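Values quoted throughout were computed directly from the atomic coordinates according to the rules given, and no laboratory measurement underlies them. Fair warning: this is a prediction, and the values are worked out from it, not measured in the lab. Here Cβ is always computed from backbone atoms with ideal geometry, including for glycine, and neighbour counts include all displayed protein chains.
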Amino acid sequence: METTFSNISYILFFWQIFVIISFILLIYSLIDLLKSTFKKNDKLIWLIVLILIPFIGSLLYLNIGRKQKNVL
């Protein structure tokens, strides 16, 4: 019985770490997005992507979206 509780606590621990990392990535991506300038409606599109699919959207924004920024 204790092994079941032990396994559940490890699963909950890793789940909490995943949620915290996801939240930090989302906040960082949103701040970077809002401070940047983009062509046309790219900023709005990235904002929608970040809100609808937070973890994957953050990873996509950091890999693809940051390359689309207008450089002043």
Modelled label-to-label distance, Leu12 and Ile27, 7 Å Cα→beta-carbon offset: nm?
-> 2.3
For Phe55, Phe13, ascending order of other Cβ atoms within 10 Å (fewest first) is Phe13, Phe55
If one compares the long axis through the Cα atoms of helix 2-35 with the longest principal axis of the Cα atoms of the chain, the angle in degrees, nearest 10, works out at 10
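For segment 21-72, give the magnitude of the charge dipole about the Cα centre (Cβ charges: +1 Lys/Arg, -1 Asp/Glu; no others), in debye to the nearest 20. Could the numbers behind the result be given before it?
On the way: 7 positive and 2 negative charges, 47 e Å.
Roughly 220 debye, rounded to the nearest 20.
What is the diffusion coefficient of segment 21-72 in µm²/s, taking the Kirkwood radius over Cα pairs and the Stokes-Einstein relation at 37 °C with a viscosity of 0.692 mPa s?
On the way: Rh = 10.7 Å.
Translational diffusion coefficient: 307 µm²/s.
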